[in-house]
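> Here's a structure for you.
The values are calculated or read from the model by the stated rules, or taken from the named source; none is laboratory data. Please read all numbers here as calculations on a predicted model, not as lab measurements. Note: ideal-geometry Cβ built from the backbone for every residue, glycine included; neighbour counts use all protein chains shown. Keep in mind that these areas ignore ligands, DNA and RNA; they rest on the heavy atoms of the full protein, side chains included. Shrake-Rupley method; radii C 1.70, N 1.55, O 1.52, S 1.80 Å.
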Amino acid sequence: MQPTSLPDQQTEVLVVGSGASGLTAALTAADQGAKVLIVEKGHLFGGTSATSGGTIWIPNNHLIGPAGGSDNADDAERYIAALAEGFSSPQRIRAFVEHAPRMFRWLDEKTDVKFESLAKYCDYHPELPGGRPGFRSCQALPIACDVLGGEFEMLQPPHAGTTAFGRINWTAREAHPLITQSKGAKQIFLKIAAKYYLDVRQRWKTSRDRRLTGGGALVARLRWSLRKRKVPMQLSTELTGFIVENGRVVGAQVLNNGIPQRIHASRGVILASGGFERNAELRARHLPGPTTTAWTAGNPFNSGSATIAAMQLGVKMANLDSAW
């Protein structure tokens, strides 16, 4: 007989979501000495981060100069302000420009997450004031899936659109000459194809590429770093509400494999889960119409559970009509 509820759990910091932001938050908390637990609604971890190309945009970061580029905080602020068009405050923009490079350097120096600055990956609108033709976008370096051990089978696969032939992983640096058919494209393709097909041991087991790139590499490196710190991750655990005492959130109510459970978090709950692109009701309420859940490449588990729970708590929301 299935139990009606599971015993309560105790932790200090509870992170909801296993994408790049959630795993980075968990790493930071763990390195500050906190006991951390990560919960993920899906039966796979990595979220949309793992399905994506995994390129992150960090202006004025420490890899730009060595890669041959240049940047400064003033230009970065001007560029973001021009893009935001009043939808963000100067204080918030300044905070991002100041702290994002610090976060990036911390990952590089203290964890196994290593990046490269992409010279030919331009800002989306380089023509705007403060824009750059490259270098601000960075991608995690490739890594073998072996670092995850048995957890590799639980890593969310990449979206077919981020791979060659829907199965061979490639980096943004490798993809650029192939997509543009520039000099050396054939040699690059033969090299990555040979790596894939000559990996006989892996081909006997699965069609998935042992060499992780893009979002898969980013999530794998984050999770590898967390495994070294013995931070647990609980899959198939959906946030349904919060535990509130004296006006303060002190934990979360979840469904652990469909069974109710309470997780107490003495130092905080961090919401780092996906959006609501798979939720027809929330799409109809907040996005321009007509709209349908079929119009997304987002993670299959992004049904807005955390968004709904936060709304029920009375959390102030903004920009729910803004989607890419």
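> At a probe radius of 1.4 Å, what is the per-residue accessible area of Leu178, in Å² to the nearest 10?
It works out to around 30 Å².
> Put Tyr197, Tyr124, Tyr79 in order of accessible area, largest first, 1.4 Å probe: what do you get?
The ordering from most to least exposed comes out as Tyr124, Tyr197, Tyr79.
> Specify the residue with the greatest mean-square fluctuation among Phe189, Phe45, Phe165, computed from a Gaussian network of the chain linking alpha-carbon atoms under 10 Å apart.
Ranking Phe189, Phe45, Phe165 by mean-square fluctuation puts Phe165 first.
> Moving on to the next point. Using r as the Cβ-Cβ distance of Glu109 and Ser266, and R0 as 30 Å, what FRET efficiency do you calculate, to the nearest 0.05?
0.55
> In debye, nearest 20, what is the charge dipole magnitude of region 1-150 about its Cα centre with +1 on Lys and Arg Cβ and -1 on Asp and Glu Cβ, if you could check?
The calculation lands at about 60 debye.
> Could you tell me which helices of the chain pass both thresholds, a Cα extent of 15 Å or more along their own axis and a mean Kyte-Doolittle hydropathy of at least -0.5, with helices taken as whole DSSP H runs?
Membrane-span-like by this rule: 20-31, 73-84, 185-197, 214-228.
> Right, here's the next one. Provide the net charge surrounding Pro232, with neighbours chosen by a C-beta distance below 15 Å and charges set as Lys +1, Arg +1, Asp -1, Glu -1.
The answer is +3.
> If R₀ is 45 angstrom, what is the calculated FRET efficiency for the pair Ile243 and Ser89, using the beta carbon separation as r and rounding to 0.05?
On the way: r = 32 Å, r/R0 = 0.70.
The formula returns an efficiency of 0.90 here.
> Work out the FRET efficiency for Ala82 and Ala160 from their Cβ-Cβ distance, taking R0 = 25 Å, and round it to the nearest 0.05.
0.15
> Fully extended, how many nm does the chain gain between Leu198 and Asn72 (0.36 nm per residue separation, minus their Cα-Cα distance)?
Gain in length upon complete extension: 40.9 nm.
> Further question: To the nearest Å, what is the center-to-center distance of region 261-302 and region 1-71, using C-alpha atoms only?
17
> Here's a follow-up. Show me 10-23, 232-245 ranked by packing, highest mean number of other Cβ atoms within 10 Å first.
Put in order of decreasing packing, that is 10-23, 232-245.
> Which order do peptides 85-95, 291-301 fall in by mean Cβ count within 10 Å, highest first?
Values: 85-95: 11.3, 291-301: 15.5.
In decreasing order of mean packing, 85-95, 291-301 become 291-301, 85-95.
> Then there is this: Could you give P(r) for the chain, binned at 10 Å from zero, as whole percent values over all Cα-Cα pairs?
Per 10 Å bin, starting at 0, the Cα pair percentages come out as 5, 22, 32, 28, 10, 2, 0.
> Report the semi-axes of the equivalent ellipsoid for region 244-324 in whole Å, largest first, where each axis is √(5λ) for an eigenvalue λ of the Cα gyration tensor.
Ellipsoid half-lengths, sorted descending, are 27, 15, 10 Å.
> Right, another one. Could you list log10 I(q)/I(0) for region 1-111 at q = 0.10 Å⁻¹, which the Debye formula gives when each Cα is one point scatterer?
-0.44
> How long, wide and thick is region 90-149, going by the Cα atoms along their three principal axes, in whole angstroms, largest first?
Largest first, region 90-149 extends 45, 27, 15 Å along its Cα principal axes.
> Round to a whole angstrom and tell me the spacing of the C-alpha centers of region 93-108 and region 158-198.
Rounded to whole Å, the Cα centres lie 31 Å apart.
> Taking a probe of 1.4 angstrom, what is the accessible area of Arg262 in Å², to the nearest 10?
90
> Find the percent of Cα-Cα distances in region 177-216 that exceed 13 Å, and round it to a whole number. Numbers along the way, then the final one.
Values: 456 of 780 pairs.
So the pairs more than 13 Å apart make up 58 percent of the total in region 177-216.
> How many lysine pairs in the chain, separated by 8 or more positions in sequence or lying on different chains, have Cα atoms less than 17 Å apart?
Close lysine pairs under the 17 Å cut-off: 9.
> Now, a different point. Can you send over the solvent-accessible area of Asp74, 1.4 Å probe, protein chains only, in Å² to the nearest 10?
Accessible area of Asp74: about 110 Å².
> Treat every Asp and Glu Cβ in the chain as -1 and every Lys and Arg Cβ as +1, leave all other atoms uncharged, and give the resulting dipole magnitude about the Cα centre to the nearest 20 debye. Could you put the intermediate results ahead of the total?
Numbers: 37 positive and 27 negative charges, 189 e Å.
That gives the chain a dipole magnitude of about 920 debye.
> Against the 2.2 N^0.38 Å scaling, with N counting residues, where does region 167-324 land? I'd like the Cα-based Rg ratio to two decimal places.
Working: Rg = 21.1 Å, N = 158, 2.2 N^0.38 = 15.1 Å.
Normalised Cα radius of gyration, region 167-324: 1.40.
> On to the next question. Please find, in a Gaussian network model of the chain (springs between Cα atoms separated by less than 10 Å), the residue of Gln312, Gln181, Gln261 whose mean-square fluctuation is greatest.
Largest GNM mean-square fluctuation: Gln181.
> Something else about it: For region 88-223, rounded, prolate or oblate, judged on the Cα gyration tensor with a ≥ b ≥ c (square roots of eigenvalues), a/c < 1.5 rounded, else prolate if a/b > b/c?
oblate
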